[in-house]
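What follows is a single structure, written as structure tokens, with notes after it.
The values are calculated or read from the model by the stated rules, or taken from the named source; none is laboratory data. What you are looking at is a predicted structure, and each value in this text was computed from that prediction instead of being measured. Cβ placement follows ideal geometry from the backbone for every residue including glycine, while neighbour counts extend to all protein chains displayed. Accessible surface is based on the protein model in full, side chains and every heavy atom, while ligands, DNA and RNA are left aside. Shrake-Rupley method; radii C 1.70, N 1.55, O 1.52, S 1.80 Å.
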Amino acid sequence: MIRANDNYNKLKASYLFSDIAKKVDEYQQKNPGAQIIRLGIGDVTRALVPAVIKGFHQGVDEMANDATFRGYGPEQGYDFLRQTIAKNDFQDRGADISADEIFVSDGAKCDTGNFQELFATDIKLAIPDPVYPVYLDTNVMAGRTGEFEDGRYNGIVYMDCLKENNFLPRLPDESVDLIYLCFPNNPTGSTATKAELKVWVDYAKENKALILFDAAYEAFIREEPLPRSIYEIEGAKEVAVEFRSFSKTAGFTGTRCGFTVVPKECMVFNSKGEKIFLHAMWNRRHTTKFNGVSYPVQKAAQAVYSEEGKVQVKQQIDDYMNNADIIRKTVASLGFDYVGGKNSPYIWVDGKDRDSWDFFDLLLTKAGVVCTPGAGFGKCGRQYIRISAFNSLENVILAMDKLKEALTGRSSAK
Ligand code: MLT
């Protein structure tokens, strides 16, 4: 008899963003004339910049000619892209990461979800609450949790990120083996300083633990002293793996490209307590299960780092951050507390006594604005909503006006 993985029964019926998309579709079907502005899932709206399109075209043209055509590429990514990433994202910022420590992939969602395959089932996990659901759900699927009770999975060490602690996870009271961190944070938009990250690196070293560091939003950092990579912290290479993405940085959500950094000295331990180097393990997994990102997409990703690419991509990010400013100012003017939106495209709004799904429904039905209910990110998100800055300026201004009107009966447009 073919048997199912029972761990799937522990999961909520559907993935957060699929759930939201379904609700919005249902609303749209019932209200075909209603204008809907999507500030929910963090999906970019701006076209790929000209430099990236040029790189993409070059790649496609090479595929059209027998002399330059490429079949299977290296699973880890072409050297031209790995070298470019290592220099621009790490070495130029003082982080000693080499090209062969970079594994190019189809995005950070897949890598953050897949990486847990390398660890034993009975390790102790520390996960922030609220959290990007992929970290948690993939560990549920793998059988690292108990049942879901009262908003939480048994067996997980949750690190509450609340106003009282500036939405920063605190070191757990008990010893843990694997720690998920994300800065700038999704969903709260909070950031961590070098000193704050150092505490985690020191903890990981002392406890023989590993940090999975999601830096998918580093390009949105505005305050320069903030670290963009965990490898800006001394000693991190032994105890941290970092995930990056071109999705939000350069508009690749539909194009798909990201990368994971697994330093050569980064280690875990086998059941005998012997050191095992993660680089070799991930390389084994990646080469077995992944056949590389398409050549034109890697050419497009390389173009993100060209002189014109850097300027054009920065302009797009600045535009999204201008949207974030507008959202922050609007929610503040309505008397809401919020965090984020300064070094992150997400604004985490305290709905006070409102339940986050009720707040979501209210904004959808009264303002036609889609946000993400905080409860979808964990128990600590139950009174919050997340508003994303990914849309056009025009739509963000309109959305904020509709939001104001829905909540106060006043519109700034009138
Ligand atoms: C989000 O909205 O949290 C992200 O877009 C989801 C993702 O990157 O997969």
Check your understanding: Counting only residues that are without any contact (Cβ under 8 Å) to a residue 40 or more places away in the chain and in contact with a Lys or Arg (Cβ under 7 Å, 6 or more places away or on another chain), which one in region 323-366 is least open to solvent (accessible area, probe 1.4 Å)?
Key -> Ser356
Exercise for review: Take Asn114 and decide whether it is among the polar types (S, T, N, Q), in contact (Cβ under 8 Å) with a residue 40 or more places away in the chain and surrounded by fewer than 17 Cβ atoms within 10 Å (Cβ to Cβ).
Suggested key: no
Review point. Could we say that Phe290 is within 16 Å of the ligand (Cβ to nearest atom) and assigned by TED's automatic domain parsing to the domain that holds Phe183 here?
Key: no
Point to revise | Selected residue (only one of Asp66, Asp43, Asp61 is in a loop (DSSP other than H, G, I, E, B), acidic (Asp, Glu) and more than 16 Å from the ligand (Cβ to nearest atom)) | key: Asp66
Check your understanding: So is Gly94 free of Cβ contacts under 8 Å to residues at least 24 places away in the same chain, away from the ligand (no atom under 16 Å from the Cβ) and exposed (fewer than 11 other Cβ atoms within 10 Å of the Cβ) or not?
Key -> no
Point to revise | Residue count for region 97-113, restricted to those that are within 16 Å of the ligand (Cβ to nearest atom) and of a type in the set (S, T, N, Q) | key: 2
Review point. If you go through region 244-287, how many residues are within 16 Å of the ligand (Cβ to nearest atom) and in contact with a Lys or Arg (Cβ under 9 Å, 6 or more places away or on another chain)?
Key: 7
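Each row is one residue, and each column tells you yes or no for (1) within 26 Å of the chain's Cα centre (by Cα); (2) hydroxyl-bearing (Ser, Thr, Tyr); (3) buried (at least 24 other Cβ atoms within 10 Å of the Cβ); (4) assigned by TED's automatic domain parsing to the domain that holds Tyr132.
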{"position": "Thr372", "(1), (2), (3), (4)": "yes, yes, yes, no"}
{"position": "Arg386", "(1), (2), (3), (4)": "yes, no, yes, no"}
{"position": "Ala389", "(1), (2), (3), (4)": "yes, no, yes, no"}
{"position": "Glu394", "(1), (2), (3), (4)": "yes, no, no, no"}
{"position": "Ala399", "(1), (2), (3), (4)": "yes, no, yes, no"}
{"position": "Lys402", "(1), (2), (3), (4)": "no, no, no, no"}
